[in-house]
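Chemist: Have a look at this one before I ask anything.
The values are calculated or read from the model by the stated rules, or taken from the named source; none is laboratory data. Quick caveat: nothing in here was measured; it's all calculated off a predicted structure. Here the Cβ positions follow ideal geometry from the backbone for every residue, glycine too, while neighbour counts run over all protein chains shown. In case anyone asks, the SASA skips ligands and DNA or RNA and just uses the protein heavy atoms, side chains included. Shrake-Rupley method; radii C 1.70, N 1.55, O 1.52, S 1.80 Å.
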Amino acid sequence: MKKLLLLCSLLVGTSALISCSSDDDSSEDKIPVANPITLSVDVTSIDKGGSVTFTVMNDLEENVTTSSTYFIDGQEISQVFTPSEAGSYTIHATNDNLISNTVTVEVNAVQEENSIFFKEENYKLENSLLAYYGNVDAVDDGVEENTHGYWVVAAGNGDFNTTDSTDYIYSILLTDITSEGEAYLPSSADNTYYYALALLTLDGVNIVENGTTEEDITFAINADFSETADFTYSASIINGTPIAIDYTGTYLGYADLTTSDRPSGVTSLSDMNLKIDSSVLKGLLRK
């Protein structure tokens, strides 16, 4: 009988130990362990100069943003990212040994001051000038007489006296002439008319050559050419591709490229090379 009681006690004790062990294992299984982390952004597309903010959550719905590290192409970045260049950026985050998904942020180029903006690229401008080619007959009325002054406003990244320039733009303007036959200086007044884009060269490649007229055009020019040539320009060229100019800067002065019909106030610039001659310009006018 004693042996039977001892055997029962051993069985009960063993069962209790097994039960306790099982309870301990169950308790350990309930301890949560975070595995995947998820990276998200507040915006997926921004203009250059804007910022994007990252957030990281784990699968326990815990925000681990501040304890995570962020990377673009192996380079660590801050949690609030302000890109300095336009383009497409792929970002991921890490938290201890966990690696997040990747997200892509598109950074759009924007028009910069003193530049030509074309196909999401800015081309810097350093100088501008105004050239006078004389008075022309711009009215197709069968009467041969000078009706307008013929001007080119130009901007480029060189000094126009050398071949160093790789970015430049020339726009043709017409102005009314006075009763004495002198052309008004181009200005923002009603006596100045935009006529055509004569030439556009970017990175040394001619984008527009021999000129083009546009129906959708906006052009403004400062009335005071004595110190600066401030102008903005926007148009659609080449199958609707937009182009814009924003320039306020060094003004080289006037170039008088005629030997007669010189309007008052125009001063000559020596050795001026405008890369476009008067015969081409007059050909544009006759289109």
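Chemist: Name the single residue that is farthest from Val153 (Cα to Cα) among those in region 165-181 being assigned to a loop (DSSP other than H, G, I, E, B) and touching a strand residue (DSSP E or B) at 6+ places or on another chain (Cβ under 8 Å). Let's see the steps before the verdict.
Modeler: Going residue by residue through region 165-181, those that are assigned to a loop (DSSP other than H, G, I, E, B) are 165-167, 178-181.
Filter once more, keeping what is touching a strand residue (DSSP E or B) at 6+ places or on another chain (Cβ under 8 Å): 165-167, 181.
Details: Ser165: 16, Thr166: 17, Asp167: 14, Gly181: 21 Å.
Here the answer is Gly181.
Chemist: Among the residues of region 177-188 satisfying the criterion of being open to solvent by 40 Å² or more (accessible area, probe 1.4 Å) and under 30 Å from Ile207 (Cα atoms), which is nearest to the chain's Cα centre (by Cα)? First the steps, then the outcome.
Modeler: Initial filter on region 177-188 (open to solvent by 40 Å² or more (accessible area, probe 1.4 Å)): 177, 179-180, 182, 184-185, 188.
Still in the running and under 30 Å from Ile207 (Cα atoms): 185, 188.
Working: Leu185: 32, Ser188: 27 Å.
Here the answer is Ser188.
Chemist: Also: Among the candidates Thr66, Thr90, single out the residue that is assigned to a loop (DSSP other than H, G, I, E, B) and in contact (Cβ under 8 Å) with a residue 12 or more places away in the chain.
Modeler: Numbers: Thr90 fails: assigned to a loop (DSSP other than H, G, I, E, B).
Only one candidate passes the filter, namely Thr66.
Chemist: For region 146-171, enumerate the residues that are open to solvent by 10 Å² or more (accessible area, probe 1.4 Å), without any contact (Cβ under 8 Å) to a residue 60 or more places away in the chain and within 24 Å of Asp190 (Cβ to Cβ).
Modeler: Correct list: Thr147, His148.
Chemist: If Ser21 satisfies every condition in (1) modelled with pLDDT under 95; (2) closer than 14 Å to Val103 by Cα but one, which is the exception?
Modeler: The single condition Ser21 does not satisfy is (2).
Chemist: Same structure again: Somewhere in region 132-145, is a residue of a type in the set (Val, Ile, Thr), open to solvent by 50 Å² or more (accessible area, probe 1.4 Å) and part of a loop (DSSP other than H, G, I, E, B)?
Modeler: Applying the first criterion (of a type in the set (Val, Ile, Thr)) to region 132-145 yields 136, 139, 143.
Applying the additional criterion that residues be open to solvent by 50 Å² or more (accessible area, probe 1.4 Å) yields 139, 143.
Subset that is part of a loop (DSSP other than H, G, I, E, B): 139, 143.
Scanning region 132-145, I find at least one residue that is of a type in the set (Val, Ile, Thr), open to solvent by 50 Å² or more (accessible area, probe 1.4 Å) and part of a loop (DSSP other than H, G, I, E, B), so the answer is yes.
Chemist: Report, by residue number, each residue of region 72-101 that is among the β-branched types (Val, Ile, Thr) and surrounded by 12 or more Cβ atoms within 10 Å (Cβ to Cβ). Before the answer, list the steps.
Modeler: Narrowing region 72-101 to residues among the β-branched types (Val, Ile, Thr): 72, 77, 80, 82, 90-91, 94, 99.
Ile72, Ile77, Thr82, Ile91, Thr94, Ile99, listed by residue number.
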